[in-house]
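J.: Please find one structure pasted underneath; my questions will follow.
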Amino acid sequence: LLDYREVSQMFYKVRFLDCAFPSVLIMAALIISGCGPEPGELITEGWESYEDEDYDSAAASFRKVLKEDPTPEEIVEAYLGLVWAYGRNANLEECIPNLEKAVAEDPSNVNAFAGLAYACLAGDRYDQAIVSANRALAVSASQPEHTFAYGNVTAMSMHLVLAESYYYKGDLEKAHQE
């Protein structure tokens, strides 16, 4: 026979486990869910994959950033990374919408406007290319310390986008001015 003390201790243990076990499970789930890479790490991973010419992995890393809790700067960087990865895979259909999202997120991001200008030129969207290239030049002029972050993008290259866009629109005078 069990005495009162033993029954009381057993009851206490069972009751403790009933209350503690769900709490332990919840804490473990919270810890595990927070163990994934941070958005900044995913961005670095994405650019490393890009440099290794693994554009599918790069795009996957940049998409993961957008599913986390990124800062506004990380959001823009993820969209721009996606664009470069998609562009290397000749997936222009995905480039323009992501550049538009980057521009909407940060209307002062010169690189997003420059990328949008290039993508629109490549997609025969000459009016939008002109608007985007002019916006890139205007924002760049308002930020004297700015340098274009990707590839060989310069103010001169934006003028070339303008010249080509005007040429393809049939406006040879404006093309010549650029």
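The values are calculated or read from the model by the stated rules, or taken from the named source; none is laboratory data. Predicted model only: the values in this text are computed from it and were never measured. Note that we place each Cβ from the backbone using ideal geometry, even for glycine, and neighbour counts take in every protein chain shown. These accessible areas exclude ligands, DNA and RNA; they are computed on the full protein's heavy atoms, side chains included. Shrake-Rupley method; radii C 1.70, N 1.55, O 1.52, S 1.80 Å.
J.: What is the packing order of peptides 105-113, 74-82, 49-57, 162-170, taking the mean over residues of other C-beta atoms within 10 Å and listing the highest first? Mind showing how you got there, number by number?
T.: On the way: 105-113: 20.1, 74-82: 23.3, 49-57: 14.3, 162-170: 17.2.
Packing order, densest peptide first, comes out as 74-82, 105-113, 162-170, 49-57.
J.: Let me ask another. Under 19 Å Cα to Cα from K67, which aspartates and glutamates show up? Leave out anything in the same chain fewer than 8 places away.
T.: E38, E41, E45, D56, E77, E94, E100, E105, D106
J.: For K169, which aspartates and glutamates qualify as cross-link partners when the Cα separation must be under 15 Å and same-chain residues fewer than eight apart are set aside?
T.: Output for K169: D124, D127, E178.
J.: Sticking with this one: How large are Rg and Dmax for region 50-178 when calculated on the C-alpha trace, in angstrom?
T.: Using the Cα atoms of region 50-178, the pair Rg, Dmax is 14.8, 48 Å.
J.: Please list 3J(HN,Hα) in residue order for region 101-115, calculated via the Karplus relation 6.51 cos²θ - 1.76 cosθ + 1.60 where θ = phi - 60°; whole Hz, with x for glycine and proline.
T.: 5, 5, 5, 5, 6, 9, x, 10, 8, 4, 5, 5, 5, 5, x
J.: When ligands, DNA and RNA are left out and all protein chains stay put, how many square angstrom of accessible area per residue does region 54-178 have with a 1.4 Å probe?
T.: Ligands and nucleic acids excluded, the figure is 53 Å² per residue.
J.: For region 56-132, compute Rh as the Kirkwood radius over C-alpha pairs and then the Stokes-Einstein diffusion coefficient at 37 °C and 0.692 mPa s; write the answer in µm²/s, rounded to an integer.
T.: Working: Rh = 12.2 Å.
The estimated diffusion coefficient comes to 268 µm²/s.
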